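Novice: This is the structure I want to talk about, given as C-alpha cells.
Laboratory data are not the source of any read-out in this text; all were calculated from the coordinates shown. Since we're looking at a predicted model, the values are computed, not measured. Neighbour counts run over all protein chains shown; Cβ positions are idealised from the backbone, glycine included.
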Ligand SMILES: Nc1ncnc2c1ncn2[C@@H]1O[C@H](COP(=O)(O)OP(=O)(O)O)[C@@H](O)[C@H]1O
Ligand SMILES: [Mg+2]
C-alpha cells in the first residue's frame, strides 16, 4: 500500500470521526500533560538538589563505626579512631574515584562572634568547623582576599600589645607556651607563659548551602544584610570574626584562662567546605586539636570526601568503599534527593494510570469505529486490501491521534507549568533554594512524552485494529 | 485454461446446529471475455456463489479455480493480490465511501495495490469519463443519483484493469430504465475491454439479454446459452427505451 494513499485514507478517517477521536485523544493528552509535568518537576528538583544543595557525585567516607572499636580506643586510651593517610590512599585507588579530600573535624568547642560591620549587629555562634588540605581548593577560589593556606609561616610574629602594632592585615594575638590545655587541668595559671604576637587571620571558607541558609532564613529573620559571593570577595575586614577557642555556649570546655581569641576571615565560598560550618586549612585544625583536645595522632582524618567520575558511578564507588572496610555518612541532601525520586515515581505512576485509562478509552473508541466502518472494511477487502493493510490503516490512525495528543499534552503541560510557577512564586514564601521555575522541560522529556502518547494510543488501538483485520469480509459487506 | 473452473463445488453454511446447504456439487467453466448472468430466486445462493468466486468466502468443498489458482490454498496476501489484480466487485448497494469524492473512491484500489497516485488520478479521470460521470469527479457520492453511484462503483472496479467483474444485483436498487442503462454499460465494457462479466440478477427479463445464463435452482446450476439472434429483441423488451439510444445518456 502506498504511503500517500494510506495517509490520505487515514487523514480522511480522522477528519470524519474528529469528534469521537478528539474526545479520546484529550484523555491521552491529559495523561501526557501530567506525565511530562512530573518529569519536568522531578528534573528541576534534581537540578536544584544535585546541583546546588549537594553534588550527588560526592559522598563522605567515614571510619566503620562499631561500638567495639570505640570501646577499645577508650580502654587503651588511644585515639586511633579515624582515617589514616594509608586509608586515604586506599580510597583514592578505588576505580571511579576521581578526587579524595581528607577532612579533619574541629574536636573541641569554640565560639565565633562578629560581623557587626557587615550585617549591622553582632552574630554569635558556636563554631562548627573542619579542616581540609588547602592545595585542593586553591584552583577553585578566584582571587581571594587572603590565600587559603596555612598563613602562619608568612606572618611576622612580632611581639605586640595592640592590633595597631602589627603590619597591615595582621592582628595582635594571645599565645601560650608550655604543655597543651588537656594536660593542664590543675596547673597554676601563672606558671604558663603567655604573650601576644602579630598574626595573620585564619582563612575560612563558607559553603554555598550555609550562605543560602543565612540569606533565606537567618538574615530576613534578624533583618541582616544579604550576602553574596561578590560581597564576600569585596569585603575584607568586615568579614573577620573573632573566634574563642575552648569556649562554648554550652559551658566552657577549656579552663577559662587558657581560652584564647584568634581571628578568622571568610575568603570565599567553596563546594568543598562543610555544609553547616566553616572550613579552615587543615594545618590549623590539626594544631588546635592537639592544643585543646590532646589528639595524639595528627594524621588521622575524621572523614574523606570522595568524588566519583559521574553520578552514575557513585553507587559503584559506595559499594567498593564499603567493601574496603569504610562507612558512608548519609547526608540530608541524599535523603532529600531519594525522597524526591520516590515522590516523582509515585506521581509518574499516577500519570501512567491516567494514560492507561485513556488507552482503554482509545480501545473503546476504536472498537466503536471498527463497528461503524464494518462495511467499509469489507469493501477494502473486496478491492484488494490485505488484513495487514486494514490493521495498518487503524494503527496509523491511532499513531496520528497519539501524535496529536502528545503535542497537545505537552502544550497543556507547558501552560500549566507557567501557571504553577506564577502561583508558587507569588503565593509561597521564600525558602532555601527556591528556584525561579519549578519545571525543567528537557528535550528528552518532550520526546518521551510524545513517544508514550503514540505508544499508548497504538497499543490501545491494537486489539480493535486486529479485530478489524480479522473481520469476515462476507459478513462485513452484508 | 478457463478463467473460472468450478468442479463439484459444494457450499454448506453451518451456524451451530443450523445447517444450510446452498450449493451441491455444481460444476461450470467460464472462459475469459464471456458475459454471463446468474439468475435464481431469492435465497438460492447467488451471493454465496459470487463470494466464493471472489475469494471473500473460502470455506467450500470441491474445487474452485480462478485464473488457474485453487482459492482455498491461497494465503490472505495472495488472495488479496488476486482480488486486486484480477477481480472487480460491484454491489447492489454501491458501497461508496461517502466521505471521499467520486474520484477518490475510484482511486481507492490503487492505494491498496501500492501503485503511484498520479497514475491512479489519470486512470480515474479516464474511467469516469468512460462510464459517463466525468462531471461528478469532485462531488461526494451523497449528492449523486443511484445510477451515477453505480457508474462510479463500476469505474472503481475497473481501475486496476481486472479480468473479471463480479456484479451482485447491480441494478437492484435502480429503476428499470437506469438499470437497463447499467446493463448496457456492462455489455459495452465486455465488448470494448474484453472483461469477463458475471452479473447476478433475479430479474428474468434482464438475464435474457445475456448470451449465457447460469440458473441457480435447488442447489444446482443449470447452464444455458442463449441464441445470439434473440438478443437484440430481448434487450429491447427488457428496457423500455429503444436499443439504439440505450446507455448513451449516462445519467440515471
Ligand atoms: N453467512 C451466512 N450464514 C448462514 N447462512 C447464510 C449466510 N449467508 C447466506 N446464508 C443462507 O444461504 C442461503 C443463500 O443466501 P444468498 O446467497 O444470500 O442468496 P441470494 O443471494 O440468492 O438471495 C440463504 O438461505 C441464506 O439464508
Ligand atoms: Mg443476494
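Novice: Calculate, axis by axis, the spread of Cα positions in the protein assembly as shown along the three principal axes, and write the results as whole Å, longest axis first.
Specialist: 150, 50, 39
Novice: Turning to a different aspect of this structure: What is the antiparallel percent of DSSP beta bridges lying wholly in the range B:86-223, to the nearest 5?
Specialist: On the way: 4 of 13 bridges.
Antiparallel bridges make up about 30 percent of those DSSP assigns within the range B:86-223.
Novice: Can you give the mean number of other chain Cβ atoms that lie within 10 Å of the Cβ atoms in peptide A:4-10?
Specialist: Neighbouring Cβ atoms belonging to other protein chains average 5 per residue here.
Novice: Then there's this: Output the relative contact order of chain A, whole-number percent, from Cα pairs under 8 angstrom with separation of 6+ residues.
Specialist: In percent, rounded to a whole number, it is 30.
Novice: Once both axes come from the Cα atoms, what is the angle between helix A:18-48 and the longest principal axis of chain A, in degrees from 0 to 90, rounded to 10?
Specialist: The two axes meet at around 10 degrees.
Novice: Where Rh is the Kirkwood radius over the Cα pairs of the range B:2-54, the temperature 10 °C and the viscosity 1.306 mPa s, what D in µm²/s does Stokes-Einstein return?
Specialist: Numbers: Rh = 12.3 Å.
The Stokes-Einstein estimate is 129 µm²/s.
Novice: If you don't mind, another one. With a 10 Å Cβ neighbour count serving as the proxy for reagent exposure, in which order, fewest first, do A:257, A:288, A:15 appear?
Specialist: A:15, A:257, A:288
Novice: Using only the alpha carbons of the range A:58-330, what is the convex hull's orientation-averaged projected area in square nanometres?
Specialist: Hull-based average projected area comes out at 16.2 nm².
Novice: Average the reciprocal distances over every distinct pair of alpha-carbons in the range A:341-437, invert the result, and give the Kirkwood radius in Å.
Specialist: 17.3 Å
Novice: Which residues among the range A:247-283 fall inside the zone where the amide N is under 16 Å from a point 7 Å beyond the Cα of residue A:194, along Cα→Cβ?
Specialist: A:247, A:253-262
Novice: I'd like to compare B:150-157, A:259-266: which one has the highest average count of other Cβ atoms within 10 Å, and what's the full order after that?
Specialist: B:150-157, A:259-266
Novice: For the pair residue B:193/residue A:375, report the inter-label distance in nm, with labels modelled 7 Å from Cα in the Cβ direction.
Specialist: 2.3 nm
Novice: Related question: May I ask you to sort A:291, B:177 by Cβ crowding, counting other Cβ atoms within 10 Å and putting the fewest first?
Specialist: Ranking A:291, B:177 by Cβ neighbours within 10 Å, fewest first, gives B:177, A:291.
Novice: In deg cm²/dmol and to the nearest 500, what is the mean residue ellipticity at 222 nm of chain B if only DSSP H runs of at least 4 residues count, each as -39500 (n - 2.57), divided by the residue total?
Specialist: On the way: 8 runs with 88 residues, N = 252.
The helix-only estimate for chain B comes to -10500 deg cm²/dmol at 222 nm.
Novice: Taking neighbour Cβ counts within 10 Å as the exposure measure, how do A:243, A:437 sort from fewest upward?
Specialist: With the sparsest Cβ surroundings first, the list reads A:437, A:243.
Novice: Just to confirm my numbers, what's the Cα centroid distance between the range A:110-154 and the range B:1-57 in Å?
Specialist: 101 Å
Novice: Considering only DSSP beta bridges where both residues belong to chain B, give the percentage that are antiparallel (nearest 5).
Specialist: Around 55 percent of the beta bridges assigned by DSSP in chain B are antiparallel ones.
Novice: Write down the percent of antiparallel bridges among all DSSP beta bridges whose residues are both part of the protein assembly as shown, to the nearest 5. Can you show the working numbers first?
Specialist: On the way: 63 of 89 bridges.
About 70 percent, rounded to the nearest 5.
Novice: Something else: Could you work out, for the range B:94-170, what percent of all Cα-Cα pairs fall into each 5 Å distance bin, beginning at 0 Å and stopping at the bin that holds the largest distance?
Specialist: 3, 18, 32, 26, 16, 5, 0
Novice: Now for a separate question. Taking 7 Å along the Cα-to-C-beta vector as the label spot, tell me the residue A:231-residue A:310 distance in nanometres, rounded to one decimal.
Specialist: Here the modelled spin labels are 3.9 nm apart.
Novice: Angle check, please: helix A:387-427 long axis (alpha carbons) against the longest principal axis of chain A (alpha carbons), in degrees 0 to 90, nearest 10.
Specialist: 40 degrees
Novice: Determine, from the Cβ-Cβ distance of residue A:348 and residue A:319 and an R0 of 35 Å, the FRET efficiency 1/(1 + (r/R0)^6), rounded to the nearest 0.05.
Specialist: For R0 = 35 Å, the calculated efficiency reads 0.85.
Novice: Taking only DSSP H segments of four or more residues, each worth -39500 (n - 2.57), what value at 222 nm results for chain A once the sum is divided by all its residues, to the nearest 500 deg cm²/dmol?
Specialist: Calculated from helices alone, the mean residue ellipticity at 222 nm is -15000 deg cm²/dmol.
Novice: May I ask you to derive the relative contact order of chain B, considering only C-alpha pairs under 8 Å and at least 6 residues apart, and to give it as an integer percent?
Specialist: For chain B, the relative contact order is 25 percent.
Novice: Extension gain residue B:143-residue B:29, at 0.36 nm per residue separation less the Cα-Cα distance, in nm?
Specialist: The residue B:143-residue B:29 span can extend by a further 37.0 nm.
Novice: Within a 10 angstrom radius of each residue's Cβ in B:52-58, how many Cβ atoms of other chains show up on average? Whole number is fine.
Specialist: Taking all residues of B:52-58 together, the mean is 3.
Novice: Just the C-alpha atoms of chain B: what Rg/Rh do they give, with Rh taken as the Kirkwood radius? Numbers along the way, then the final one.
Specialist: Values: Rg = 17.9 Å, Rh = 18.6 Å.
The Rg/Rh ratio comes out at 0.96.
Novice: Across the Cα atoms of the range A:142-226, what radius of gyration and what greatest pairwise Cα-Cα distance (Dmax) are found, in Å?
Specialist: Reported Rg and Dmax, both Å: 18.4, 49.
Novice: In addition: Along the three principal axes, how long is the range A:393-478 when you take its alpha carbons, biggest first, rounded to the nearest angstrom?
Specialist: Sorted from largest, the Cα extents of the range A:393-478 read 70, 23, 15 Å.
Novice: On to the next question. Give me the inter-chain shielding for B:104-113: mean count of other chain Cβ atoms within 10 Å, whole number please.
Specialist: 6
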